[in-house]
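Following: one structure in structure tokens, then a few remarks.
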Amino acid sequence: MEIAICLIIALTAYLLGSIPAGYLAGKARGVDIRQVGSGNIGATNAFRILGKTAGTIVLIADAFKGWLAAAVVPGLVIQLFFAASGGGSSLNVEYLKIVAGIAVILGHNYPCWLKFKGGKGIATSGGVLIALVPLAFLISLAVWILVCVLTRYVSLASICGALSLPIAARLVKYPVHLVAITALMSALAIYKHKANIVRLMNGTENKVGRKQGPPSTGVTS
């Protein structure tokens, strides 16, 4: 029974994460966001291609589904499952929140609806972190803002914020298992930025404030 509940939570969180807000926002404008700008379906490319309003909506939607999966889905599934069976629950909800958090990020990064080609998971990870380690999230967010303001590179800010996350979790004395999870999330976020790292090294990465419209040919940087 416990394994079944865990699988249901993971699947629900994955499907929630796989809702491609950036892609849907682009389609509403008649644009396939995967074919313009960086080709990414996340909020940064949405800001660049679709504008501030659409970008903000995508950012909030991606963060909200991360929070919803980690904070609400486990408890809701447990309540529904045991209400139907008439029994009680001995499951560790905190660990189920971690499972849901990982699953929702994987859903965003590798959505089944888009041939498993999704975003980088920064906003969705932020929503998960608000649910799991809010103090560490605030520190990581401060690092993100500082680096973004100083360099105007969203990708570099995201990488630095990810690097600071497990350090922040350790500094504020979260349990070891949560520190380990933040380290895993950090590694995944940095891995998803591998193309950005190459462009940063080559000096071809886009900066904040540089808006691109839908080009007439394929994917650009």
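The values are calculated or read from the model by the stated rules, or taken from the named source; none is laboratory data. Model, not experiment: these values are computed from the prediction. Cβ atoms come from the backbone with ideal geometry, glycine included; neighbour counts cover every protein chain shown.
The helices (runs of 4 or more DSSP H) falling completely within segment 154-221 that include 2 or more residues that are among the aliphatic types (A, V, I, L, M), within 15 Å of Gly121 (Cα to Cα) and modelled with pLDDT of 95 or more map to 154-171, 176-192. The set of residues in segment 64-80 that are of a type in the set (Gly, Ala, Ser), in contact with a Lys or Arg (Cβ under 9 Å, 6 or more places away or on another chain) and modelled with pLDDT of 95 or more comprises Ala69, Ala70, Ala71.
On inspection, Lys65 qualifies as basic (Lys, Arg), at negative phi and surrounded by 23 or more Cβ atoms within 10 Å (Cβ to Cβ).
Suppose the filter is within 28 Å of Gly37 (Cα to Cα) and either among the hydrophobic types (A, V, I, L, M, F, W, C) or surrounded by 20 or more Cβ atoms within 10 Å (Cβ to Cβ) (or both); does Val172 pass it?
No; evaluated as a whole, the condition is false for this residue.
The C-beta contact set for segment 164-189 (first residue on the phi < 0 side of the Ramachandran plot, second residue among the basic types (Lys, Arg) and at pLDDT below 95, distance under 7 angstrom, 6+ apart or interchain) comprises Ala189/Lys120. Where helices (runs of 4 or more DSSP H) fall wholly inside segment 1-118, the ranges with 2 or more residues that are among the aromatic types (Phe, Trp, Tyr) and either outside the structural domain of Lys192 (by TED's automatic domain parsing) or touching a residue at least 40 places away in the same chain (Cβ under 8 Å) (or both) are 52-71, 73-85.
Restricting attention to segment 119-146 and to residues that are at negative phi and not in a helix (DSSP H, G or I), the residue that is surrounded by the fewest Cβ atoms within 10 Å (Cβ to Cβ) turns out to be Val133. When the test is whether a residue is surrounded by 16 or more Cβ atoms within 10 Å (Cβ to Cβ), of a type in the set (A, V, I, L, M) and either within 18 Å of Ala123 (Cα to Cα) or within 12 Å of the chain's Cα centre (by Cα) (or both), Val77 does not pass it. In segment 99-123, the residue that is nearest to Trp67 (Cα to Cα) out of those that are more than 9 Å from the chain's Cα centre (by Cα) and among the charged types (D, E, K, R) is Lys117.
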